[in-house]
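Below you'll find the structure, written out as structure tokens, and then a few comments.
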Amino acid sequence: MERQTTTEAPARKSVSTLSVLFGFAPWIVFGVVASPSTWEYAALAALIVSVVLSGRDILRGRLYVLDMAGIVFFAVLTVLALALDRGQLSWLETYAQVIANGVLAAVALGSLFFDPFTAQYARQQVPASVWDSPVFRHVNRVLTAVWGTAFGLMTLSTWLAIRVPSQDDWLNWVIPIVLLVWAVRFTEHYPESYRERALKGLATTEQEP
């Protein structure tokens, strides 16, 4: 029975890519809108999106680390924009996207030490009986690491865009979009692929004398 538990998680639905993307929506809004002259409006827009998308879950007592991080981060940016003079925020105007990507990468990778953030969304897709299965835990640790790595690379890319303005379009747009698409596609295909390998490994083990 224990062997069956290791592969019983229905990997095809273990993580909803759409749910994860909804979690990233405020950060994506900020990344698209933010620029040295518009980051304040981007922060306010992202804060509103964060509250709207997570409001129902908060009222139901479901707290997702990504949602909470977004609300806190964009609220802080909005307060800074209102409280400080423009001259005091020149560094933020320059590095707003870099900081946002860095915070997102830190939140995603940091959740590996507690509860991988993708597992929080996945638990809404699968029965509670599989939440502690090795397949479920492994898949969500890998997916969380992939998203954290993607945003870590986006942090580096957007930082380089500031240092190398001639490559701004590639570093600020093309590379981040490619990384985002890669993470989405990986999230769509990896759970089923890993589950199939786990099932094959279990079948091989059971056939051994």
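Observations
- Residues in region 122-133 that are part of a helix (DSSP H, G or I) and either among the aliphatic types (A, V, I, L, M) or under 19 Å from Val29 (Cα atoms) (or both): 3 in all.
- Condition met for Arg62 (within 26 Å of Thr118 (Cα to Cα), basic (Lys, Arg) and outside any loop (DSSP other than H, G, I, E, B)): no
- Pairs, first among the aromatic types (Phe, Trp, Tyr) in region 36-63, second part of a helix (DSSP H, G or I), C-beta under 7 Å, six or more apart: Trp39/Leu92; Trp39/Glu93; Trp39/Ala96; Tyr41/Val33
- Residues satisfying the stated conditions in region 108-121, i.e. aromatic (Phe, Trp, Tyr) and not in a helix (DSSP H, G or I): Phe114
- Residue check for Trp91: modelled with pLDDT under 85, among the hydrophobic types (A, V, I, L, M, F, W, C) and surrounded by fewer than 19 Cβ atoms within 10 Å (Cβ to Cβ): yes
- With respect to (1) farther than 19 Å from Pro176 by Cβ; (2) buried (at least 17 other Cβ atoms within 10 Å of the Cβ); (3) under 17 Å from the mean Cα position of the chain (by Cα), the lone exception for Thr155 is condition (1).
- Whichever residue in region 17-39 is of a type outside the set (A, V, I, L, M) and within 15 Å of Asp67 (Cβ to Cβ) and, among such residues, is modelled with the lowest pLDDT: Ser19
- For the criterion of being touching a helix residue (DSSP H, G or I) at 6+ places or on another chain (Cβ under 9 Å) and at pLDDT below 85, Leu63 passes.
- Filtering Ala105, Ala81, Ala75, Ala96 for residues that are part of a helix (DSSP H, G or I), touching a residue at least 24 places away in the same chain (Cβ under 8 Å) and within 16 Å of the chain's Cα centre (by Cα) leaves a single hit, Ala105.
- Of all residues in region 84-93 being among the charged types (D, E, K, R) and either in a helix (DSSP H, G or I) or touching a Ser or Thr at 6+ places or on another chain (Cβ under 6 Å) (or both), the one that is nearest to Asp67 (Cα to Cα): Glu93
- Number of residues in region 149-170 that are more than 16 Å from Ile99 (Cβ to Cβ), at pLDDT 90 or above and in a helix (DSSP H, G or I) equals 6.
- Scan region 107-117 for residues that are farther than 13 Å from Phe151 by Cβ and crowded, with 18+ Cβ neighbours inside 10 Å and the total you get is 1.
- Among residues of region 179-205, those that are aliphatic (A, V, I, L, M) and modelled with pLDDT under 80, counted: 4
The values are calculated or read from the model by the stated rules, or taken from the named source; none is laboratory data. As the structure is a computational prediction, the values presented were derived from the model and not from experiment. Because the Cβ atoms are built from the backbone with ideal geometry, glycine has one as well, and the counts that use them run over all protein chains shown.
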